[in-house]
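Reading through the structure tokens given below for one structure.
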Amino acid sequence: MLLRVIVLALSVQGEEPFCKLWGNPDIPLLSKTGDFILGGIFTLHNNIKESKPTLNLNYKEYQFAETMIFAIEQINNRTDILPNVSLGYKIYDTCDTVPLSSIHAIIGHSASSPTIGIATLVGQFNIPISHFATCACLSNRKEFPTFFRTIPSDYYQSRALAQLVKHFGWTWVGTIRSDNDYGNSGMATFIKAAEQEGICIEYSEVIYRTNSREKFLKTVEVIKMASSKTIVAFAIFIDMEFLIKELLLQNITGLQWVGSESWVSAKNVATKENYRIYKGAIGFSIANAEIPGLKEFLLSVRPSSTSGNTGLIKLWEDMFDCSFNTSHSKTCTGSENLHLINNLYTDASELRITYNVYKAVYTVAHALHDLLACQDSQGPCMATKKGKPVCCFDCLPCAEGEISNSTDAVYCTKCPLEYRANKEKDQCILKDIEFLSYDEIMGRILIIFALLGALLSSTVTAVFFKFRDTPIVKANNSELSFLLLFSLTLCFLCSLTFIGEPTQWSCMLRQTAFGITFVLCISCVLGKTIVVLMAFRATMPGSNVMKCFGPTQQRLSVLSFTLLQTLTCIIWLVKHPPFPSKNISSNKEVIILECEMGSTVAFYIVLGYIGLLSVMCFVLAFLARKLPDNFNEAKFITFSMLVFCSVWITFIPSYISSPGKYTVAVEVFAILASSFGLLLCIFIPKCYIILLKPDKNSKKHLMGKM
């Protein structure tokens, strides 16, 4: 049984009105028999309404049609694809409207608006579609389940255009779009993306080739009176042609044009006359490609009277301005030299869209090859039924991260790394992005505790400043106490840098700020501990040990310890700074935004240095904990360092085992917990005596003389 497969060929965007019918629509212009028939729909002629409808052959579309034939002939001559199977073709001309008849099976169209109608009509028959319609609306798998294309949708081009405009700092722009699905959908996505980038739209004009001249003049007037000098045009070239005529007549120049691929890369734009208007225009285009042997094939074709060659006869007559009808003044011989012709048909230097036609043919050929291989027991078939032919199989669900969007598909398609399969496993959807956010409950709780800690540190500072002349504040160097309270405030505040979406600056700030503020904090505690030990030794007869560790030496020790950590962090930031990254391997369902350390060695040096100072401080405080005194600060420092070290020892396994954003939450919790431990253990007992037991805030009580 002959299987008929229709492959949509690729074409320019837009719809062409006022078409003239070339004979019976059921007869293809180019055709060849074969075991499998591939159908092509090309806009082989354009009609534009000016003073009257005119007919023009579309040489580029003829190149697409011949490229399809070229690819089919290549496949027929190969033995590795569809061996012993011949491909045929039936190529039809279209007037760029939705053809509801003329062939019994339609697979689509090259322009977006006709494709929507065709896909809606034939999609219920589960006919595969492959074409060049770029409207993002066609990506809706529920509405168009059998639609496929060989180029990304305009969703990506629209967002890229917004980023391009923002890159050059053009934040005040006007917009123009074609009044069809291509222009309306593409511009809607651009405007949404532009608003997110902080770009303001002064005006948004709509054009279409069939509009009256008055409407085009109105658009020109809007452009002329606008204050913005940058225009983003998401339109097809034919519509832009009518606009540029009016712009040339009124000599409106000096504008910066940013265009969609459909017109900005068209060769017709780069004319000497248009240069006055479009000079400096930028935009995106499809990547160019090479098709070896295509140029020679295009120049080797010859018209003949055989059936299935009508389209080539029309092309020949138009290119050489002759006719195979003897009544014409110049008769075609069929032996004219195509090497002397230079037009869009013979030009093989720009094959961006043409290459997509080539790929579409090969895509269908490979699909047919795999299907026949399965039927011949040469390939795998998602589980075979026992006692049944190998082509009879049960449907099994796709594995995690894979989808199948067609009935009885042989293989599952693996989703890209940043995508996951939906619940039905028939569509790849973008993974959710996960990070510790300000908007979630956990993030808000941590923020509250961070601000509470900073407020409590500031309150204690205020209390100490008010009672700065009392004995309990003067004990163990009040200067170190104030510096310690300042560093604790910074420790609480630095935890805020760990919350929110990671950026280049926040990643560099969070680890270095944490490392420096905690060293400053621990070096102050270490200084206070040494003062306690030195003060006890100073009470011994003949001891002048305090002269070796007076206020100047205390300041220098804190400065030296902190400066060493600061230099380490600076080297870290200069050589291999932390940076934001997307973790897609830890969790297959979400993308985790996190900060990479840049240099793990530098990170461990920073943490190790904090740990070393903490152990030194704990040991010295432990040795001084039982020194005779009614208010022994070493005892409270011992408790605070015990809490500090316990928190960070338990932090390591918790950090390693926590998934996703909870790793950051664990680190923030460790910072807050250790900071609260130092603040409460060292300063709350002092505040208790200052505020509630003022009678004990005396020199006699502190010295043990009741």
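Out of S227, S185, S204, S262, one residue alone is among the polar types (S, T, N, Q) and exposed (fewer than 13 other Cβ atoms within 10 Å of the Cβ). It is S227. Of the set (1) surrounded by 18 or more Cβ atoms within 10 Å (Cβ to Cβ); (2) in a loop (DSSP other than H, G, I, E, B); (3) of a type outside the set (S, T, Y), all apply to L417 but (1).
Could you list, in sequence order, the residues of the range 608-624 that are hydroxyl-bearing (S, T, Y), surrounded by fewer than 19 Cβ atoms within 10 Å (Cβ to Cβ) and within 14 Å of L642 (Cα to Cα)? Across the range 608-624, there are no qualifying residues.
Checked against the criterion of being within 26 Å of A136 (Cα to Cα) and surrounded by fewer than 16 Cβ atoms within 10 Å (Cβ to Cβ), the candidates Q196, Q250 yield just one match: Q196.
Please verify whether S481 is closer than 17 Å to V525 by Cα and either at pLDDT 90 or above or assigned to a helix (DSSP H, G or I) (or both), treating the condition exactly as stated. Spelling it out, S481 is indeed closer than 17 Å to V525 by Cα and either at pLDDT 90 or above or assigned to a helix (DSSP H, G or I) (or both).
Take residues that are over 36 Å from the mean Cα position of the chain (by Cα) and tell me which of the helices (runs of 4 or more DSSP H) falling wholly in the range 236-341 contain 1 or more.
Qualifying helices (runs of 4 or more DSSP H): 237-249, 294-300, 310-320.
I'd like to check something: does the range 200-216 contain any residue that is part of a loop (DSSP other than H, G, I, E, B), out of contact with any Phe, Trp or Tyr (no Cβ under 8 Å at 6 or more places or on another chain) and modelled with pLDDT of 95 or more? No: zero hits. The set of residues from the range 557-581 being surrounded by 17 or more Cβ atoms within 10 Å (Cβ to Cβ) and touching an Asp or Glu at 6+ places or on another chain (Cβ under 7 Å) comprises just one member, P578.
Considering the range 39-71, and only residues there that are among the hydroxyl-bearing types (S, T, Y) and exposed (fewer than 15 other Cβ atoms within 10 Å of the Cβ), the residue that is modelled with the lowest pLDDT turns out to be S51.
Selection within the range 450-477: residues that are surrounded by fewer than 17 Cβ atoms within 10 Å (Cβ to Cβ) and of a type in the set (G, A, S). The member of this set that is nearest to the chain's Cα centre (by Cα) is S458.
Yes/no matrix, rows are residues, columns are (1) surrounded by fewer than 19 Cβ atoms within 10 Å (Cβ to Cβ); (2) closer than 22 Å to L455 by Cβ; (3) touching a Gly at 6+ places or on another chain (Cβ under 6 Å); (4) of a type outside the set (V, I, T):
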site: S654; (1), (2), (3), (4): yes, no, no, yes
site: P659; (1), (2), (3), (4): yes, no, no, yes
site: V664; (1), (2), (3), (4): no, no, no, no
site: V668; (1), (2), (3), (4): no, yes, no, no
site: I671; (1), (2), (3), (4): no, yes, no, no
site: L678; (1), (2), (3), (4): no, yes, no, yes
site: F683; (1), (2), (3), (4): no, yes, no, yes
site: K686; (1), (2), (3), (4): no, yes, no, yes
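Per the conditions (1) under 22 Å from S305 (Cβ atoms); (2) at pLDDT 80 or above, the sole criterion not satisfied by G23 is (2).
Which of the residues belonging to the range 220-261 are on the phi > 0 side of the Ramachandran plot and among the hydrophobic types (A, V, I, L, M, F, W, C)? Hits for the range 220-261: nothing passes. Looking at this structure, is I223 farther than 19 Å from N268 by Cα and within 29 Å of the chain's Cα centre (by Cα)? No, not satisfied.
Only helices (runs of 4 or more DSSP H) whose full extent lies in the range 625-706 are considered here, and the ones with at least 2 residues that are aliphatic (A, V, I, L, M) and modelled with pLDDT of 80 or more are 633-657, 661-692.
With respect to R213, is the statement that it is over 21 Å from Q163 (Cβ atoms), surrounded by fewer than 18 Cβ atoms within 10 Å (Cβ to Cβ) and in the same structural domain as A160 (by TED's automatic domain parsing) true? Yes, satisfied.
The values are calculated or read from the model by the stated rules, or taken from the named source; none is laboratory data. Note that the coordinates shown come from a computational prediction; the quantities given were computed from them, not determined experimentally. Virtual Cβ from ideal backbone geometry, glycine too; neighbours counted across all protein chains shown.
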